Each structure stands twice: as C-alpha cells, then as structure tokens.
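Participant: Okay, handing you the structure first.
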Amino acid sequence: MRTPIFTGSGAAIVTPFSGGEVDLPALKRLLDFQLENGTDAIIACGTTGEASTMTRQERMRVIACCAEHVNGRVPVIAGSGSNSTEVAVELSKDAERAGADGLLLVTPYYNKASQQGLIRHYERIAGAVSLPCILYDVPSRTGVRIAPETYRELAKHENILGVKEAGGNLGDIQRTRNLCPEDFYIWSGNDDETTAICALGGVGVISVAANVIPAEIHTLVRLCLDNDFAAAGKLQLYIKDLCDTLFCEVNPIPVKTALNLLGREAGELRLPLCPPEGGNLERIRRTLAQYALLPPEP
C-alpha cells in the first residue's frame, strides 16, 4: 500500500517578485516562516505561486531554491501542469531534476479535454517521471472537472498518488472515496472545506491561507487527523472570515496583499493580475486586524 507524500498542511507558497524578477532571498524568508510554524509540505509554482506568468527557467529556479533551502525537512511539491501534455512532461522532468519530491498536475485548461483525454494526459505525464503525482481538480479555473470514475482509472497508475480537490462538490468527493482504493489520497484544495473533506477521508489541505496563518492551518488538519472534529469544526468556523477575505479577488491577489501588509515581502503581482483597490484593500486590512495579525488603525 502506498503512503501519502504528506499529511497535514501544505502551503501553496506565493512567489515573491521584485523589479520584475523572482526574489529568491524573500522566498527563503517565506519558507523559513512556514517551517517555523509547522507546515507539513511546500507546494511551489502552483496557482498561488503565479506559475502561469513565469518562464520555464524562473519556475525551475524557484523549485530548485525551495528544494535546496527546505533540504528534506518537509516534501517540496512542484506545480508542473500545463494544457499541453508534452510541455507538462518536460516541466515535470525538469522539476524532478531540480529536486522536487512530488508533482502537482493541474487539469489541462482551455482545451476542455474529455475524461478519456484526461486519463491519457495524466498517464503520459506520470509515466515519464519517477515522482509521486498529485492531480489538481479546479474546474472554476480550467473549465474541466475530473469525474470520480476517472479517478478510479488513474488510481491504477503507480505514480498517481491522489488529488488536490478544489471542485467544491462534496458529493463527488464521497463517490471518489468509494470508487478508489485506500491509497488514492485526497487533499482539500479549498481552505474552507478542509474539515469536511478530512471527515470524508481526506489527509490534509494544500492551502492558500497557510501563507498567512501557517500554525493555525497545521493545527486544523492535525485536529482532523486526530479525529477531534468538534475542535476542528470550531477552528474551521473561526478562520472562515479570513479564508473568504483571501478570495475577495482572484487568488493570489489578496494573499500577496495580506503578506505585504504584514511586512512579509511577497512583492509584486505580475500582469494581468494587479493590486486590489478601494473596498477590497480595506477589507483585507480590516480582516487582518480582526484576527490580531495587524494592529488596528487608531
């Protein structure tokens, strides 16, 4: 039986940019903040890391930096998906060479592949590497969802370990759990669904909010894995307003804004993303103060 590459809280880490370049010293400081606060895995170059605006060389520099700096303390999982199967294969091979411990593979966006196309896409990538692969289902961004029956087929591949499920459909997650073997693992892809997904057999979360509150997200999942769902539910409800605020605009606009307000040097956003204005900027500031992360304004 296969074991999960991690259980607990995986931080979908932002990529700091400064002057149009990747800021590796700032990235290392963000990694230290995560490791000091109990984060169980680092996910680099995902949606939150703005990988879609980075060059291939930049992505590999970030992955290599994470792998070298983390130095085996927790797994480093690299986002290497693409809407081109062959590009995803090459990115995945590069990520393996750069020192990643696992891969996160988003569904091919824009193409709107059939379920058979998804099976062939993922089997092609997983067969080209030796790393464990986590699928990433996020239909709100990609325009395609992975069906539970498709997971059942993909779970047969030795390198396909599970899925980051951000489809928001708890019924489908139940079907997936019933159709797939025990060693096909499910991670929540939405912070505010973490407790519910863990109650259905999930083993953790790949989290945006962990950028801001890593200790709390680690504690949340630990409570779930210890079957203390009463305490987990209370903590889940407590952080709900912060989770909602971190998605008041498209991710990662709010979370990078929050980190910068907290002095954590997340740096610039890359176009076509741009900083929030007016009400949303104030909402982020107000919510950080509400959680005693930022001093309230006099």
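The values are calculated or read from the model by the stated rules, or taken from the named source; none is laboratory data. Please read these numbers as outputs of a predicted model, since none were measured by experiment. Every residue, glycine among them, receives a Cβ derived from its backbone with ideal geometry; neighbour counts consider all protein chains shown. Ligands, DNA and RNA are stripped out before the accessible areas are found, and what is left, the full protein with its side chains, is counted by its heavy atoms. Shrake-Rupley method; radii C 1.70, N 1.55, O 1.52, S 1.80 Å.
Participant: Can we say Lys240 is basic (Lys, Arg) and either under 21 Å from Ser140 (Cβ atoms) or open to solvent by less than 20 Å² (accessible area, probe 1.4 Å) (or both)? First the steps, then the outcome.
Facilitator: Details: basic (Lys, Arg): yes; either under 21 Å from Ser140 (Cβ atoms) or open to solvent by less than 20 Å² (accessible area, probe 1.4 Å) (or both): yes.
Yes, satisfied.
Participant: Which ones in the stretch 23-48 are of a type in the set (A, V, I, L, M, F, W, C) and closer than 29 Å to Pro139 by Cβ? Even if it seems obvious, please write down each step before you answer.
Facilitator: The initial filter retains those residues of the stretch 23-48 that are of a type in the set (A, V, I, L, M, F, W, C), namely 24, 26-27, 30-31, 33, 35, 41-45.
The answer is Leu30, Ala41, Ile42, Ile43, Ala44, Cys45.
Participant: From the list Lys156, Lys93, Lys112, pick out the single residue that is free of Cβ contacts under 8 Å to residues at least 40 places away in the same chain and at positive phi.
Facilitator: Values: Lys156 fails: at positive phi; Lys93 fails: at positive phi.
After ruling out the rest, the residue left standing is Lys112.
Participant: Could you give me the residue pairs with C-beta distances under 8 Å whose first residue belongs to the stretch 27-48 and is touching a residue at least 60 places away in the same chain (Cβ under 8 Å) and open to solvent by 20 Å² or more (accessible area, probe 1.4 Å), whose second residue is among the β-branched types (Val, Ile, Thr) and assigned to a helix (DSSP H, G or I) wherever it lies, and which are 6+ apart or on separate chains?
Facilitator: Qualifying pairs under 8 Å: Gly38/Thr219; Asp40/Val221.
Participant: Can you report the number of residues in the stretch 155-207 which are outside any helix (DSSP H, G or I), among the β-branched types (Val, Ile, Thr) and either at pLDDT below 95 or open to solvent by 10 Å² or more (accessible area, probe 1.4 Å) (or both)?
Facilitator: Of the residues in the stretch 155-207, the ones outside any helix (DSSP H, G or I) are 155-169, 180-190, 200-207.
From the residues that got through so far, the ones that are among the β-branched types (Val, Ile, Thr) too are 160, 163, 186, 203, 205-206.
Filter once more, so that each one left must be either at pLDDT below 95 or open to solvent by 10 Å² or more (accessible area, probe 1.4 Å) (or both): 203.
The qualifying residues number 1.
Quick grid of which residues meet (1) out of contact with any helix residue (DSSP H, G or I) (no Cβ under 8 Å at 6 or more places or on another chain); (2) closer than 25 Å to Asp101 by Cα; (3) acidic (Asp, Glu):
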| site | (1), (2), (3) |
| --- | --- |
| Thr150 | no, yes, no |
| Ala155 | yes, yes, no |
| Asn159 | no, yes, no |
| Gly168 | no, no, no |
| Gln174 | yes, no, no |
| Tyr185 | yes, yes, no |
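Participant: State all residues of the stretch 208-224 that are under 21 Å from Leu262 (Cβ atoms) and assigned to a helix (DSSP H, G or I); if no residue qualifies, say none. Please lay out each step first, then the result.
Facilitator: First, the residues of the stretch 208-224 that are under 21 Å from Leu262 (Cβ atoms): 208-220.
The answer is Ala209, Ala210, Asn211, Pro214, Ala215, Glu216, Ile217, His218, Thr219, Leu220.
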